[in-house]
Structure formats: structure tokens, C-alpha cells
Amino acid sequence: MGDSSSAAAVVAGPVLVDHRERNSVIPEALAAAGLDVRLTDLPVGDYVLGAGLAVERKGPADLGASIRDGRIFDQAVRLQSASTQAVLLVEGEPQGIAEDAWRGAVCRLVEDGFTVLHSLDADDSAAWIIRLAKRVRRAGPTTPTHGPRRSPRHPSAQAEAMLSVVPGISTTMARSLLAAYGTLAEVAAAAPEGLRRHPGIGRVRAARLAEALHGDYVAPLERDPRPTRPARGARPPRRWILADPSPRAELQSFDRRAIAVRALHSAAEGTQLIDGLTGEVVATASAGL
């Protein structure tokens, strides 16, 4: 009887699969496991396993590319806004990006409340998704699956989402900025120079925010292509940047982190050590450093 009740729970409610996933082995594996699979055009995510649970799958090449251009953080914000539970499924070993860079990006997603799982390959991804889908159905087999919501529920969540799509600005940082300035308009008015005084922003992030908030709109067909990527198999060059808080100070750039850290020890208080690949602030010089 245990098997029959489990089977009944499995078939309750469809698993929604984005049409871009139709050529992978996963939809077929889900159907073979007894799940009702329906291909559709999902606004965010690759799989919706039940009410409020959505999964974004990132293969080796896609993860590296989406971290380099900041797209992964935009996707994460939209997925979290549209779903109660958002899962990033990292498949295989990321390609075209340094290991510490992608691990740092994943850590940032975890800090922002994103659930991150790792799979060995597509078959292993299918096993993860099947397990998650079955657990959802055991927890609430009568709950219908409608797919993710298309926008955040609260205006403040929308403001957080708008700031969080800027590379280097996490959801936590977006909330900190909005709490300090009150409104999105005030954040924009303070960019870039005023934002540099905000803890954790610095010159690089302030410039990115100013570009996003004040830059002229460019139609999609007129935009420059994505930044030049390194040849396949080669890693992008990594630089470590020291950003002095003084407005007239020039940025210092190093190709080795150890050398940059030594320079930070003798730098002025408030100087930030920035990972040039991800834009993350790694350390800040203090009086006792």
C-alpha cells in the first residue's frame, strides 16, 4: 500500500518545463519517473516542480558566461521574486571562468537566500529534479501548479530587484542602499560620488550603478555585443584592484592577489581590495590592518 500511495502522490499536478529544456534528457527522465510533464514558455526558471518551487539549471558553459556578464544575478532576483523557493542547479564543472570566481558568485547567491545544488551531469540533474518534485507532491499533492508569478508582490521588492540586476550589487546591498536613501530615486540622485561613501560600494560599484541608473537607453538591436570573451579553453585574465577612497587617487591593479594584499596593508584607511573579475570587494583597509 505504501508504493501505491506514493505513486498517487507522484502523479498529482504537472511539472512545468521550459521549452528550451526539451532537447535535454531531463524531461524524458521525469516522465519515466511517473511525473506529468508539460512543456511551456516559463517567464523565469527552467522547471516549476510545484506551487512556489522553481529550478534554474546551469550547465558548465552557461554558468561561467552568466557569471562573467552578471546575468546570473538578474536571473536569481527574478526567480526569487516569482517563487517561494528558488533553486540553482549547477551541473558539472564551470568552464571559461576561474574556480574562485564562480565559487564566490555561488556564495553570494547563498547569502542572498538562494538554494544551490550541484550535479555531476544531466542524468544526475534529472535525479535531483525528480527527488525534489516527489517531495513537493508528498508535502502537498493537491496544490495546483500555475508557474511562477511574473513580478514581485511589493513595490519595495521591485526596487530591490531593480538594483540587484546591476553586476556586483547583491539583494542585501540593494536593501542597504534603499534603507539608507529611502527611495530608488534618491539612490539614483546620489550616484556615483555620493554612493561611494556607502559601506561596501566603492568606486567600481558606484560607477556601475551610475551607468545603469543614468545611462541613455539603447535599443536591443543597437547595443554593442557582449564583452569580448577569451578563446575557448582559456581563462579570462584576473586583476586585483586597490581603490583608494581619495577622489584624486588612481586605481592600482595587480595580477597576483598576494601582492595586492601586501599593498593593502600599507594603503590608506578605507582602501578597498576588489576582485576585478567579479567586482566583489574582498577586503577593506582599516587603521589596525
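The values are calculated or read from the model by the stated rules, or taken from the named source; none is laboratory data. Nothing here was measured: the structure is a model prediction, and the numbers come from that model. Note that each Cβ is placed from the backbone with ideal geometry, even for glycine, and that neighbours are counted across all protein chains shown.
List of remarks:
- Leading residue by the ranking (nearest to the chain's Cα centre (by Cα)) among those in the stretch 190-238 that are modelled with pLDDT under 85 and acidic (D, E): D224
- Hits in the stretch 10-23 (condition: surrounded by 13 or more Cβ atoms within 10 Å (Cβ to Cβ) and either modelled with pLDDT of 90 or more or aliphatic (A, V, I, L, M) (or both)): V10, A12, V15, L16, V17, D18, E21
- Taking the criterion of being of a type outside the set (A, V, I, L, M, F, W, C) and outside any helix (DSSP H, G or I), the residues of the stretch 159-174 that qualify are P167, G168, S170.
- Qualifying positions in the stretch 45-61 - touching a strand residue (DSSP E or B) at 6+ places or on another chain (Cβ under 9 Å), modelled with pLDDT under 85 and surrounded by fewer than 24 Cβ atoms within 10 Å (Cβ to Cβ): G52, P60
- Identification of helices (runs of 4 or more DSSP H) wholly contained in the stretch 7-89 with 3 or more residues that are more than 30 Å from Q158 (Cβ to Cβ) yields 26-32.
- As a summary of the residue check, E93 satisfies the conditions (1) under 20 Å from I129 (Cβ atoms); (2) surrounded by 22 or more Cβ atoms within 10 Å (Cβ to Cβ) except for the one numbered (2).
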